[in-house]
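A short worksheet on the structure shown next.
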Amino acid sequence: MTADLFGTPEPVREEPRVFTVSELTRSVRAVLEDHVGVVWVEGEISNYRKQASGHQYFTLKDAQSQLPCVWFARQGFRLKQIPLADGMQVQVRGAMTVYEARGQYQLNVQFAQAGGAGLLQAKFEALKRKLEAEGLFDPARKRPLPRFPVSIGIVTSPTGAALRDMLNILARRAPWARVVIGPARVQGDGAAAEIAAAVEAFNRFESVGLPPVDVIVVARGGGSAEDLWAFNEEIVARAIAASMIPVVSAVGHEIDFSIADFAADLRAPTPSAAAELIVPDTQTLLRRVAQLGAQALRIASGMVGRERARLDFLARSALFREPRARLAESSQRADSAAEALRRALRNKLDAARQRLAAAFAALRHHRPDQLLAMRRHLFEAVRLRLAERTQHALLQRRTRFERATQVFRLLAPDATLARGYSITMKPGGTVVRSANELRAGEAITTRFRDGSVQSRVEDAAPPP
């Protein structure tokens, strides 16, 4: 340590460290690999090339920047994954590193998939903002569901598990309800148009003379964002919003949200939950009816008891002691009224039980297994008729074949020879049909029924 003129010691200055290019590059690589690591990046492919070794090199770019990428053949590339090409929008996962030979940072790709999930989300948000601005999602326009729907329309795939689950729940909770299926594809091209058409068809039932439905359920089981996209189409949202019948949207799982959910009058987290939301439970209703009946009986009994006590009090009073007969008559009328009230309540309860029993009987009468048995008998009858017709047609064909065989036998050359005729042929096998076809000295063969004869023409007619 040295001192200046005033005696103040001066600190020793350390010489700065000087890196080599390789040392600095390795340091930068370590920082990138340790602090950035594995990331997902989305962009457009450019400058794509694939080497004979299987390694793939390309640049991932957006409007402002670009990122060099390399996908080594040993780093998880498989033929089943998407083939890369210039202009593709992709999402890639890889580790950030530095290619030390060039001092260039790059992404070592481990996996790639087609881009577009972000585009779908952007499309979803754009349509949501548009329809929301038009008021299609306004809570004020949403209608309450009927408390006891008699007829329920379901728009879904007739072969999906969601429909089976809903039918099982509806049959258990509300056997009186009539279910009408509006079949529609629920994913793929054209699915949105079919869903919208089914909703509109339910709204036209009355105009074509069909019993109307009280509520419509638009349903589909779970799936990917692409699978559920039909319910994010504008045509479906507008059909739901325009429906005169309340609509319940039950698409996917609880975490899935679609445009149809916002346009509907009620969103159910799953199709099964929709079935439980739109109808009350029969057993709960029966218990409630019994509770109300018992409560009414208690209230009526209390009122009768209070009035009887009042009459007894008045009857014992001096003021009404003399007209005891009138008091007795009033008491009798009160007893009669109480009995009539009990009978009326019992009759109402019995009527309610009979209606429920009739509904259960009607459900048993229209059970699918009975209808299936009837259809099976019908199919068996059709199969028998078809077998009989096939047998008859086969017999006709066999008869015609036998007749044709007989005709062929009569017209066959052997049959003609058997009747005494012969066939003359030239050496090449050509049949001689006229004497003018022969030349003197020409060898001929004459075929009879029991053999043939070789001969030579000695005299022949002159050629034509």
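Here, each number is a calculation from the coordinates, and none is a lab measurement. All of these numbers come straight from a predicted model, not from anything done at the bench. Every residue, glycine as well, gets a Cβ built from its backbone with ideal geometry; the counts of neighbours run over all protein chains shown.
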(request) Just subtract the alpha-carbon distance of Phe448 and Asp86 from 0.36 nm times their residue separation and send over the number in nm, one decimal. (result) 122.0 nm
(request) Quick one: dipole size for the chain, taken about the Cα centre, charges +1 on Lys/Arg Cβ and -1 on Asp/Glu Cβ, in debye to the nearest 20. (result) 3400
(request) Just order 384-397, 297-310 by mean Cβ neighbour count inside 10 Å, highest at the front, would you? (result) 297-310, 384-397
(message) Taking the alpha-carbon distance from Lys348 and a cut-off under 19 Å, which aspartates and glutamates remain once sequence neighbours fewer than 8 residues away in the same chain are dropped?
(response) Glu339
(request) With the cut-off at 26 Å, report for region 120-280 the share of all Cα pairs above it, as a whole percent. (result) 19
(request) Work out, step by step, the length gained on full extension between Asn436 and Glu380: first 0.36 nm times the residue separation, then minus their alpha carbon distance; give nm to one decimal. (result) 13.1 nm
(request) Consider the candidate values (i) 34.5; (ii) 22.6; (iii) 23.1; state which one is Kirkwood radius over Cα pairs in Å computed from the structure displayed. (result) (i)
(message) Quick check: pseudo-label points 7 Å beyond the Cα along Cα→Cβ at Lys50 and Arg400, how many nm apart are they?
(response) 5.9
(request) Let me know the Rg and Dmax you get for region 353-455 when you use only its Cα atoms, in Å. (result) 35.6, 116
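Between Arg287 and Ala300, what is 0.36 nm times their sequence separation minus the Cα-Cα distance? Round to one decimal in nm.
Difference between extended and current length: 2.7 nm.
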(message) Starting from the 7 Å offset along Cα-to-Cβ, what nm value, one decimal, do you get for the label separation of Lys123 and Asp414?
(response) 7.5
(request) Ratio to report: Rg/Rh of region 21-115, with Cα atoms as the point set and Rh obtained by the Kirkwood method; give two decimals. (result) 0.97
(message) If packing is taken as the average count of other Cβ atoms within 10 Å, what order do 413-423, 211-221 fall into, highest mean first?
(response) 211-221, 413-423
(request) Just tell me which aspartates and glutamates come within less than 17 Å, Cα to Cα, of Lys61; anything on the same chain fewer than 8 places away is out. (result) Glu42, Glu44, Asp86
